[in-house]
Amino acid sequence: MDNNLERRVYDNGLVAIAEPVEGKRKAILLVGIDVGAKNESTEKKGGAHLLEHMMFNSNEYRTREEIAEVSEFNGIETNASTSITQTILNFGLPVDKLPISLELAYQAVISRNYREEEFLNEKDGPVSAELVMYERDPGSRFAERSVRPILYKGSPMARQLLVHFNLLGL
């Protein structure tokens with residue numbers, strides 16, 4: 001590990017790594033969650049991606065509007081992504097806004113209550129649009145149908161990841 005990086009492991013398993021840079025006013029907070037498409041059953045394919053989209057929607061702590069307002073007021077940019085092996089929350093923030101960014105990240109990760117309307121809007125809107133985009137891309141189709149099954153033969157990562165939500169029963 002780079003000598004400038006600071007690493008701290010918390011009792012709950014969270015690993016925090018920071019690289020202090022003098023004179024910088026912006027910071028990046030990445031929260032990695034060890035859950036991705038590899039953790040899904042065949043019947044629930046696409047669930048990790050859909051849950052990633054729910055991370056910044058209403059939860060038991062804040063409404064979607066409150067999350068957006070707090071983020072905008074504090075100059076925090078949020079994004080998230082899901083891969084085969086993990087889900088990443090990404091926060092771009094002013095250095096002095098780390099505490100509120102950590103609070104938003106914590107609330108997003110531990111939340112188990114979402115509004116049904118927002119869930120269906122995400123599923124039928126951006127998530128479905130992304131699936132269609134990937135399905136139409138020849139490189140993605142080739143990787144999903146040909147390369148992945150050979151490369152990861154015998155592992156959960158060999159399964160096709162692209163899915164239409166009627167397979168989820170949603």
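The values are calculated or read from the model by the stated rules, or taken from the named source; none is laboratory data. All figures in this text were calculated on a predicted structure; none of them were measured in a lab. Reconstructed Cβ throughout: ideal geometry from the backbone, glycine too, with neighbour counts over all protein chains shown. Side chains are part of the model used for accessible areas, which takes the heavy atoms of the whole protein and leaves out ligands, DNA and RNA. Shrake-Rupley method; radii C 1.70, N 1.55, O 1.52, S 1.80 Å.
Model label points for Val147 and Tyr10, set 7 angstrom from Cα along the Cα-to-Cβ axis, are 3.6 nm apart. 3J(HN,Hα) couplings calculated from phi for the stretch 77-84 with the Karplus curve 6.51 cos²θ - 1.76 cosθ + 1.60 (θ = phi - 60°) are, in sequence order, 9, 10, 7, 8, 8, 10, 10, 5 Hz; Gly and Pro show x. Name all residues of the stretch 83-104 having a backbone nitrogen under 18 Å from the label point set 7 Å from the Cα of Glu19 along its Cα→Cβ direction, giving them as ranges. Only 89-95 fall inside the zone, counting backbone N under 18 Å. The region of the chain that goes longest without hitting one of the GluC sites (Glu not before Pro) in a DSSP loop, each with at most 15 other Cβ atoms within 10 Å, is 61-170. Once the gyration tensor of the Cα atoms in the chain is diagonalised, the equivalent ellipsoid follows with semi-axes of 30, 22, 15 Å, ordered largest first. In the chain, the longest principal axis of the Cα atoms and the axis of helix 98-110 are about 30 degrees apart. Simple point charges give the picture: +1 on the Cβ of Lys and Arg, -1 on the Cβ of Asp and Glu, and for the stretch 1-119 a dipole about the Cα centre of about 260 debye.
Probing with 1.4 Å while keeping every protein chain in the model, the per residue accessible area of the stretch 2-128 equals 64 Å². Accessible surface of the chain, 1.4 Å probe: 53 percent of it comes from carbon and sulfur atoms. Placing dummy labels 7 Å off each Cα toward the beta-carbon, the span from Asn74 to Leu30 is 2.1 nm. Close Lys pairs in the stretch 23-170, defined as Cα atoms under 15 Å apart and 8 or more places apart or on different chains, number 5. Could you state the angle between the C-alpha long axis of helix 64-73 and the longest principal axis of the C-alpha atoms of the chain, as a value from 0 to 90 degrees rounded to the nearest 10? The angle comes out near 40 degrees.
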